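One structure is given here, and the rest of the page talks about it.
All of the numbers you see were taken from the coordinates with simple rules; none came from a lab. Just so it is clear, the model here is predicted, and its values are computed rather than measured. So basically every Cβ, Gly included, is an ideal-geometry build from the backbone, and we count neighbours across all protein chains shown.
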Ligand code: BDR
């Protein structure tokens, strides 16, 4: 199996990602690290531990990480993920605690100890990853690839042009893009397309198996009929990025220059993706030249990933 470490801000769709990752036979989840994002970092730790217990994966080490972005203040997404970050489903508190070391230390330890290069899957603001890369640059020698959920080629969600994870900590995302390892950007363009059909959500919700019922409740937590939010239910969200690790053939990517807009103002946090067929009228921008090309997801086989996720969970 592929050794993976998930860095998350659990989070409704982070939970869907964890439930899938720990059950997929081709993935070996060696650790899960937590960062502030969808909710505060202690809430993220609690949610992550609870989800792993539901998944029967209570032995995977979980570490607490950054409690705020590098420069930006803490801003959660309770309007999307509920006050507790997990759709306010009233889940039980976890029975265990995170490990004694922090996220950066656990990431370093697990990456360097892995007999095979590790694939990192950040589904959250990139604060932990930036701190890791700046504190322990030697880890890159044992990183196979970083597949991150973040950014957008076209439209944002936190702002008209910025996706939440990158907008939350733009400087950290900029550090990631200079990591010097292969990077896949699983951005909003594909993220929002992978939807589980209503009949499957209903089947999961009716299951007697806690893991499946939790998955169903999470998928259904923003019912447009009752929430007034027009976002369709059933979104796999972050889980799609883990599907892309397990089954990369379901994703269409193109190697492209990507730069994060760091200037204050309406474009802050935008991932500027250069899709021009050849350099334009001006010189390539300095920042973009420094960044290696990123494998940017431009299309996704929706049915394939929905089927993969469902069969893995229900199998
Ligand atoms: C991302 O932000 C969060 O709300 C989701 O969990 C996902 O990681 C989407 O912009």
Spatial separation of Cα centroids for segment 20-45 and segment 247-267, in angstrom
22
For the chain, place one equal point scatterer on every Cα, skip the solvent, and apply the Debye formula. What is log10 of I(q)/I(0) at q = 0.10 Å⁻¹?
-0.50
Inter-label distance, nm, simple model (7 Å from Cα along the C-beta direction), residue 155/residue 303:
2.6
Measure nothing fancy, just the Cα-based angle from helix 12-21's long axis to the longest principal axis of the chain, in degrees from 0 to 90, nearest 10.
80
Under a Gaussian network model of the chain whose springs join Cα atoms within less than 10 Å, the largest fluctuation of 58, 37, 90 belongs to 90
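Viscosity 0.890 mPa s, temperature 25 °C: what is the translational diffusion coefficient of segment 52-164 from Stokes-Einstein with a Kirkwood Rh over Cα pairs, rounded to a whole number of µm²/s?
Values: Rh = 16.3 Å.
Stokes-Einstein gives a translational diffusion coefficient of 150 µm²/s.
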Of the peptides 9-15, 38-44, 301-307, how do they stack up when ordered by the mean number of other Cβ atoms within 10 Å, highest first?
9-15, 38-44, 301-307
Segment 1-106: D in µm²/s via Stokes-Einstein (Kirkwood Rh, Cα pairs, 25 °C, 0.890 mPa s)?
180
Can you give the extra length, in nm with one decimal, that the chain gains between residue 311 and residue 263 once fully stretched, where that is 0.36 nm per residue apart less the Cα-Cα distance?
12.9 nm
Among 184, 154, 95: highest mean-square fluctuation, GNM of the chain, C-alpha pairs under 10 Å
95
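Is it possible to state the helix-based mean residue ellipticity at 222 nm for the chain, with each DSSP H run of 4+ residues giving -39500 (n - 2.57), the sum divided by total residues, to the nearest 500 deg cm²/dmol? What is it?
Numbers: 14 runs with 113 residues, N = 315.
Estimated from H runs of four or more residues: -9500 deg cm²/dmol.
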Could you tell me how many degrees, from 0 to 90 and to the nearest 10, lie between the Cα long axis of helix 302-314 and the main elongation axis, the longest principal axis, of the Cα atoms of the chain?
40
Quick check: the distance between the Cα centres of segment 70-124 and segment 161-226, to the nearest angstrom?
15
Helix 41-54 versus the longest principal axis of the chain: what angle, 0 to 90°, nearest 10, using Cα atoms?
50
